[in-house]
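**Student:** Please read through the structure below; I'll follow up with questions.
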Amino acid sequence: MKLASLKHGRDGKLVVVSKDLTRYSSAEHIVPTMQAALDNWEQVAPYLGALYRDVEHWSVPCGRFHEHDAASPLPRAYQWADGSAYINHVELVRQARGAKVPESFYHDPLMYQGGSDGFLAPRDPIPLKDVAWGCDMEGEIACVVDDVPMGVSKEDAAEHIKLLMLVNDVSLRGLIPGELEKGFGFFQSKPASAFSPVAVTPEELGDAWANSVINLPLMVDYNGQPFGRANAAQEATFSLADLVAHAAKTRSLCAGTIIGSGTVSNKGADGGPGTPVSAGGAGYSCIAEIRMIETIADGKPATPFMQPGDTVSVEMRDAAGHSIFGKIEQEVVAA
């Protein structure tokens with residue numbers, strides 16, 4: 001099943017989208033918004049699934065689905081927590097500054113709580129007030145859960161994952177070091193993120209969804225050129241179920257909580273740092289990673305962070321080459 005929120009007020013209007021992302025039918029007669037659907041998932045999911053089948057069979061009135069009309073599937077959420085499932089990314093950041101990764105990072109996930117009171121739509125521009133802030137994209141996977149009890153096991157956590165999305169987790173790298181030095185974590189360095197036009201149920205991915213990871217490349221393009229093609233299952237130290245269980249260790253998670261994977265990151269074929277897509281590698285899902293590799297190799301980074309006029313897109317396609325979630329497509333603009 002594929003769901004989207006068309007832009008409408010603060011919380012959007014829930015629609016069911018065809019598998020090929022060309023058509024939609026309003027779900028208002030079932031439930032008005034994505035959050036309302038998640039609040040009552042067990043009751044409304046069968047009806048939404050029936051509508052999805054009707055859309056596929058052309059047996060209900062449909063409109064043309066335009067991705068630029070979509071808000072993020074949850075235009076705002078009660079909670080957005082982002083983990084770091086790909087330790088390769090953390091290893092590179094640490095190696096570039098001559099620091100080792102603590103052993104605990106391999107069994108105790110990193111996680112921060114981001115701002116969730118308003119997300120960018122998937123085609124909204126990224127506002128940037130100062131280029132010195134070091135604007136970066138981060139291509140990620142995210143899941144949306146129903147109500148999760150405190151202390152849930154990893155196995156049971158997987159059953160609470162109801163929807164999957166893609167993320168561009170915008171980061172202001174120039175502000176991160178100063179905030180981390182304060183010992184309270186990210187705030188100003190993590191502005192609004194954007195999510196894919198469409199959220200899908202796990203079964204929609206077929207065999208590509210296994211053990212709570214997606215075994216497909218995450219396609220990140222930068223200024224119209226392939227930048228990242230990292231596989232979201234490779235080098236995943238933690239699954240999405242691991243991250244959900246981690247988030248729920250000391251508190252329950254309300255329906256509609258979004259949990260992110262962190263930057264999708266693969267090692268190179270030789271087990272070392274990854275190589276650019278242009279050189280046959282999997283590339284990178286954020287600029288910081290290639291800057292870290294440049295620093296390790298040359299003592300300083302060469303690739304600049306994003307500036308007004310730069311564009312980024314994030315997409316994932318199935319084995320047949322069809323877009324699964326639609327495309328996040330954004331341009332940096334001067335705020």
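**Student:** Label K300 and A320 with points 7 Å out from Cα along Cα→Cβ: what is the distance between them in nm?
**Tutor:** 5.2 nm
**Student:** Taking springs between alpha-carbon atoms closer than 10 angstrom, which of C135, C143, C62 fluctuates most in the Gaussian network model of the chain?
**Tutor:** C62
**Student:** Suppose R0 equals 30 Å; then what is the FRET efficiency for R64 and D130 from their Cβ-Cβ distance, rounded to the nearest 0.05?
**Tutor:** The computed FRET efficiency comes out at 0.15.
**Student:** Quick one: accessible area per residue over region 246-306, 1.4 Å probe, rounded to a whole number of Å²?
**Tutor:** Roughly 41 Å² per residue, with all protein chains present.
**Student:** So, one more: Give me the distance between the Cα centres of region 115-161 and region 256-335, rounded to whole Å.
**Tutor:** That distance is 16 Å.
**Student:** Can you tell me the order of 262-270, 26-34, 248-256 when each peptide is scored by its average per-residue count of other Cβ atoms within 10 angstrom, highest first?
**Tutor:** 262-270, 26-34, 248-256
**Student:** How would you rank 79-89, 192-202, highest first, on the average number of other Cβ atoms within 10 Å across their residues? Can you show the working numbers first?
**Tutor:** Numbers: 79-89: 23.4, 192-202: 25.5.
The packing order, highest mean first, is 192-202, 79-89.
**Student:** Could you run the Karplus curve 6.51 cos²θ - 1.76 cosθ + 1.60 with θ = phi - 60° over region 31-44 and give me ³J(HN,Hα) per residue in whole Hz, x for Gly and Pro?
**Tutor:** Running phi through 6.51 cos²θ - 1.76 cosθ + 1.60 with θ = phi - 60° gives 7, x, 9, 4, 4, 5, 5, 5, 4, 10, 4, 4, 7, 9 Hz.
**Student:** Only four residue types carry charge here, +1 at the Cβ of Lys and Arg and -1 at the Cβ of Asp and Glu. Report the dipole size of region 151-242 about the Cα centre in Debye, rounded to the nearest 20.
**Tutor:** With Lys and Arg at +1 and Asp and Glu at -1, about 400 debye.
**Student:** Express the carbon and sulfur contribution to the solvent-accessible surface of the chain as a percent, rounded to the nearest whole number, probe 1.4 angstrom.
**Tutor:** Values: 7460 of 14600 Å².
C and S atoms contribute 51 percent here.
**Student:** Rg over Rh of region 1-107, using C-alpha atoms and the Kirkwood radius, what does it come to?
**Tutor:** Dividing the radius of gyration by the Kirkwood radius yields 1.20.
**Student:** Let me ask you something else. Could you run the Karplus curve 6.51 cos²θ - 1.76 cosθ + 1.60 with θ = phi - 60° over region 308-325 and give me ³J(HN,Hα) per residue in whole Hz, x for Gly and Pro?
**Tutor:** Couplings: x, x, 6, 10, 9, 9, 9, 8, 9, 10, 7, 4, 8, x, 8, 5, 8, 9 Hz.
**Student:** Oh, and also: To the nearest 10 degrees, how steeply does helix 287-298 sit against the main Cα axis of the chain, on a 0 to 90 scale?
**Tutor:** The answer is roughly 20 degrees.
**Student:** Got a sec to turn the phi values of region 218-231 into Karplus ³J(HN,Hα) couplings, 6.51 cos²θ - 1.76 cosθ + 1.60 with θ = phi - 60°, whole Hz, x for Gly and Pro?
**Tutor:** 8, 9, 10, 10, 10, 6, x, 10, x, 10, x, 9, 5, 7
The values are calculated or read from the model by the stated rules, or taken from the named source; none is laboratory data. The model shown is predicted, which means the values in this text are computed figures rather than measured ones. Heads up, the Cβs are rebuilt from the backbone with ideal geometry, glycines too, and the neighbour counts pull from every protein chain shown. Heads up: the accessible areas ignore ligands, DNA and RNA and are worked out on the full protein's heavy atoms, side chains in. Shrake-Rupley method; radii C 1.70, N 1.55, O 1.52, S 1.80 Å.
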